[in-house]
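Read the figures in this text as sums done on the coordinates, not as results from a lab. Bear in mind the structure is a predicted one, so any value in this text is a computation, not a measurement. Please note: Cβ atoms are built from the backbone with ideal geometry, for glycine as well, and neighbour counts cover all protein chains shown.
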Amino acid sequence: MLAILIDGIVQGLQLSLMAVGITLIFGLGGVLNLAHGQIAVIGGIATALLLAAGLHPLLASVLGVLSAGAFGLIMDRTILVPAYRYQGEERLLLGLLITLGLSFVVNGFLDVRYPTVALTLPLPTPSFTVGAITVRTASAAVAVIALAAFALLFAFLKGTLLGKVVRSIMQNEVGAGLCGINSGRIRTLIVALSAMMAGLAGVMQGLFSSLGTELGNEFTSFALIVAVIGGVRSVNGTLVAGVLLGIVNAYASYYVGAYLTLLILLVTAAGTILVRPQGLFAFRT
Amino acid sequence: MSVLLGVAEIEVGYADIAVVRGVSLDVREGESVGVIGPNGAGKTTLFKAIAGMLGLRGGSVRYAGARIDGRRHYEIVRQGIVYVPAERELFPHMSVLENLELGAYPCYGARAERLKFVLDLFPRLRERRKQLAGTLSGGEQQMLAIGRGLMSRPRVLLLDEPSTGLAPFFVSEIYRKFAQLKSEGLTILLAEQQVPHALSFTDRAYVLENGRIRLSGNSRDLLGNAEIQRTYLGMG
Amino acid sequence: MTANRPVSGRAALSAVAVALALVPLALGGSAYYLRIATLALIFMGYTVAFNIIFGHTRQLFLCLGALAGASAYVSVVLTMKLSMSPWLTIPIGIAVAALLGGAFSYVSVRRSLGVIFVGIVTLVFSMIFHNLVLGLRDWTNGETGLETKAIAPAVLSGGLPSYYAILAVLLVALVAYHLLMRSRAGTAFQAIADDELAAELAGIDVTAYKVFAASVGSALLGAIGALHAYYGGFISPTVFALSSIDIVVLVALLLGGMGTLLGPVLGGILFTLIDELVRPLGQLNVVVYGIMIVLLVVTFRHGVVAMLGKRLKIRLP
């Protein structure tokens with residue numbers, strides 16, 4: 001029982017990590033990034049390639065995450081520029097279509113170039129026992145890393161000037177401009193940060209089980225669901241929503257099996273969205 | 001007194017429509033100048049153009065001798081022109097204090113002293129400094145917007161219809177604060193529909209109608225102008 | 001500046017009908033090219049459907065393949081497993097697609113959450129569809145898919161009859177589109193696309209029209225999906241995947257011109273030509289299409305129809 005709960009929480013944390021990038025980019029840039037899953041895959045595949053080249057797992061992972069971040073940065077500064085010229089729904093639509101096109105490009109390229117590359121990060125000790133429960137080391141590692149990442153993110157948003165600036169842009173981009181804030185530059189920073197979070201989630205998938213190029217679309221879909229349920233602009237909400245969904249997923253998988261679980265998950269998601277469309281945390285960054 | 005802010009024959013528009021045409025105005029250092037006119041005359045468009053939020057189709061905007069049209073709006077803030085829009089554009093989920101502090105972004109390190117100045121000017125804000133901006137009343141929000149604008153030590157303050165939606169009591173109160181700021185040497189450009197207040201407070205004023213300047217002159221003279229009295233003061 | 005001379009819808013439709021009818025004659029009897037041409041007609045049909053849903057009422061449905069596939073699978077499975085006639089199961093499939101599409105639209109419009117909501121819901125539906133097909137492998141044979149040659153209606157089994165049968169369906173769809181756009185619904189669509197709030201205030205029942213557009217478009221997707229299933233001889237999750245159908249429709253509609261009558265047709269033709277050109281690239285063709293989508297969305301948004309119209313000083317429908 002408890003083991004399932006723990007597993008659910010861990011999976012949930014990973015989902016939240018995937019989704020928080022979507023929340024940040026949407027809240028700050030007004031763009032829904034449909035290539036988000038592909039960025040996670042890029043992080044994972046880069047790590048796998050570096051591992052194969054002989055690098056130490058830790059170094060490979062860090063570089064993999066950084067390369068995901070770099071990709072996000074380039075994306076923001078190049079193909080998204082036309083979208084940023086517009087506001088509101090125009091920008092949203094344009095951004096959606098551009099990132100959708102990008103997702104096809106990345107997916108297609110990775111499918112052809114690295115069809116068999118998969119990232120798996122084995123750990124020295126597969127599991128350890130705490131009291132009466134056996135815990136997978138991978139689960140513990142993922143939980144610790146995800147929690148640390150979120151803790152850092154919250155500390156950044158609440159505690160630093162830059163974080164406050166980010167929150168201000170998310171709450172009122174015009175108001176931020178009136179204070180002399182260059183929201184475009186901050187946005188690029190956040191997009192890069194979000195991409196790194198995605199890359200980190202991708203690498204962690206390699207810790208958990210394995211990550212291959214085909215997981216891109218699935219990642220994006222899950223990230224979108226979690227982000228929308230949590231309230232598509234709220235970082236708190238994303239964290240909570242991810243963990244909740246992770247728990248639902250874990251219990252459903254145990255009792256009902258993989259495919260039906262997915263359906264249950266999606267129906268839960270649909271239900272939440274119908275009942276409370278603005279998300280669980282409407283607007284509390 | 002030299003001209004601090006000079007607008008020369010500017011044209012501003014959206015898509016195919018020109019909203020402001022051939023508008024020129026001057027604001028000298030330390031002056032308070034008003035822009036009055038009916039709804040849709042183009043006052044907000046004019047202010048946004050000066051603040052760099054809209055591009056010019058023609059003409060120029062000069063500040064302290066140099067052209068600033070074409071500069072990005074956040075650069076213009078750093079240069080010392082702060083725009084306070086009618087919609088206020090506050091950060092609703094941040095406290096009064098956080099809103100004010102962000103107003104000091106261009107000179108963040110020195111914000112403590114400026115904060116004291118603004119809170120002394122608006123004691124109500126000091127009382128509510130921990131309160132979330134979204135929960136303030138209309139009048140308090142307006143004060144916060146103005147206070148936030150003052151935090152970066154602007155040389156020119158562009159106030160767009162500050163009396164919008166405020167009870168008469170609040171309107172008098174903020175105009176008292178404007179007088180105080182004026183006496184301390186702040187240059188103010190003020191757009192208003194509440195003509196009596198605007199004309200009693202400012203030194204000079206321009207009348208904007210349909211995107212063009214129709215009249216200008218000393219505020220006192222304009223107050224006595226028959227046409228102004230008929231159109232804007234409901235007399236005669 | 002002289003106004004461009006408008007070309008009537010009827011004239012355009014006639015030209016299209018004649019041109020497409022003559023295509024097989026230009027193919028020199030090659031069965032390979034005939035198949036490509038027939039598939040092009042099918043994708044034109046998909047594009048007409050998306051044009052109604054997105055081009056006219058701005059509902060970004062990212063589940064075109066899934067809706068077509070839902071109809072296809074329902075029809076094929078019912079025909080195969082329950083030995084029903086395809087002429088019975090095809091309408092059932094169409095109804096399923098129409099209901100789903102209408103439901104997505106209704107839910108999104110009522111909650112007035114805008115473009116992202118519809119996009120997310122439909123994208124997630126694509127995932128649901130894919131996994132449902134894999135999960136119900138007793139019925140659907142999972143990833144391997146089902147052969148439809150044995151159960152297909154004779155007219156869809158290949159060659160010239162199939163081409164003309166599918167062309168007939170496409171022309172019916174285009175005529176229906178034309179009549180729809182000339183009706184009150186068409187004016188409503190235009191108003192909604194221009195400014196939804198203003199349309200609402202003007203008394204237009206935005207919800208009803210959007211759901212209507214989505215349902216009609218989805219029904220068409222279902223119909224073409226069924227044709228695709230039986231003509232193609234084979235269905236699998238991959239046939240109806242995002243990267244098989246949605247990407248093609250996006251490129252074709254953006255190329256051709258959204259919100260126009262000829263857009264889907266011209267876009268479909270151009271796409272087919274490009275598809276043949278990039279065939280040597282194999283699976284990398286998806287990369288080319290992704291790049292095209294980005295470029296088209298950013299630069300060439302109004303499509304070939306608008307461009308041709310400008311050059312020839314006419315207004316093409």
(request) Per DSSP H run of at least 4 residues, take -39500 (n - 2.57); add these up for chain C, divide by its residues and hand me the 222 nm value, nearest 500 deg cm²/dmol. (result) -23500 deg cm²/dmol
(request) Just tell me how shielded C:81-92 is by partners: mean number of partner chain Cβ atoms within 10 Å of each residue's Cβ, no decimals. (result) 0
(request) Provide a whole-number value for the mean count of partner chain Cβ atoms within 10 Å of the Cβ atoms in peptide A:259-267. (result) 3
(message) Show me, for the range C:201-210, the HN-Hα J-couplings you get by feeding each phi into the Karplus relation (A = 6.51, B = -1.76, C = 1.60, θ = phi - 60°), rounded to Hz, glycine and proline as x.
(response) 5, 7, x, 7, 7, 4, 4, 4, 5, 5
(request) On a C-alpha basis, how far is the centre of the range C:23-81 from the centre of the range A:199-227 in Å? Whole number, if you could? (result) 31 Å
(message) Which entries of C:LYS81/C:LYS149; B:LYS116/B:LYS182; A:LYS164/B:LYS130; A:LYS164/B:LYS182; A:LYS158/B:LYS130 have Cα-Cα distances beyond 20 Å here?
(response) A:LYS164/B:LYS182
(request) Over all alpha-carbon pairs in the range C:5-315, figure out the percentage whose distance exceeds 27 Å. (result) 41 percent
(request) In whole Hz, with x marking every Gly and Pro, tabulate ³J(HN,Hα) for the range C:301-311 from phi via Karplus 6.51 cos²θ - 1.76 cosθ + 1.60, θ = phi - 60°. (result) 4, 8, x, 5, 4, 5, 5, 4, x, 5, 4
(request) Using the Kirkwood radius over Cα pairs, work out the Stokes-Einstein diffusion coefficient for the range C:79-189 at 25 °C and 0.890 mPa s, in µm²/s as a whole number. (result) 141 µm²/s
(request) Just tell me which aspartates and glutamates come within less than 19 Å, Cα to Cα, of B:LYS177; anything on the same chain fewer than 8 places away is out. (result) B:GLU29, B:GLU31, B:GLU113, B:ASP120, B:GLU127, B:GLU140, B:ASP160, B:GLU161, B:GLU192, B:ASP203
(request) Order these peptides, A:214-227, C:22-35, A:245-258, by their mean beta-carbon neighbour count within 10 angstrom, highest first. (result) A:214-227, A:245-258, C:22-35
(request) Over the whole of C:278-286, what's the average partner chain Cβ count within 10 Å per residue? Rounded to a whole number, please. (result) 3
(message) Using helices alone, I'd like the mean residue ellipticity at 222 nm for chain A: each DSSP H run of four-plus residues gives -39500 (n - 2.57), total over residue count, nearest 500.
(response) -26000 deg cm²/dmol
(message) Let me check against my output: what whole-number percent is the relative contact order of the range C:5-315, with C-alpha pairs under 8 Å and at least 6 apart?
(response) 31 percent
(request) Using only alpha carbons, build the gyration tensor for the range C:1-64 and give me the equivalent ellipsoid semi-axes, biggest first, whole Å. (result) 27, 22, 8
(request) Classify the range A:2-214 as rounded, prolate or oblate from the Cα gyration tensor: take a ≥ b ≥ c as the square roots of its eigenvalues, call it rounded if a/c is under 1.5, otherwise prolate when a/b beats b/c and oblate if not. (result) oblate
(message) Pairs of alpha-carbon atoms within less than 8 angstrom and 6+ residues apart define the contacts here; what relative contact order does the range A:2-214 have, in percent?
(response) 42 percent
(message) For the range B:197-217 and the range A:6-67, what is the centre-to-centre distance using only Cα atoms, to the nearest Å?
(response) 58 Å
(message) Can you give the longest run of chain A that contains no trypsin sites (Lys or Arg not before Pro) sitting in a DSSP loop with at most 13 other Cβ atoms inside 10 Å?
(response) A:86-283
(request) Take the alpha carbon gyration tensor of the protein assembly as shown, find the square roots of its eigenvalues, order them as a ≥ b ≥ c, and report rounded if a/c is under 1.5; if not, report prolate when a/b exceeds b/c, else oblate. (result) oblate
(request) Search the structure for amide H atoms under 5 Å from the amide H of A:SER127, placed 1.01 Å from N in the peptide plane, and list their residues when 5 or more places away or on another chain. (result) A:THR137
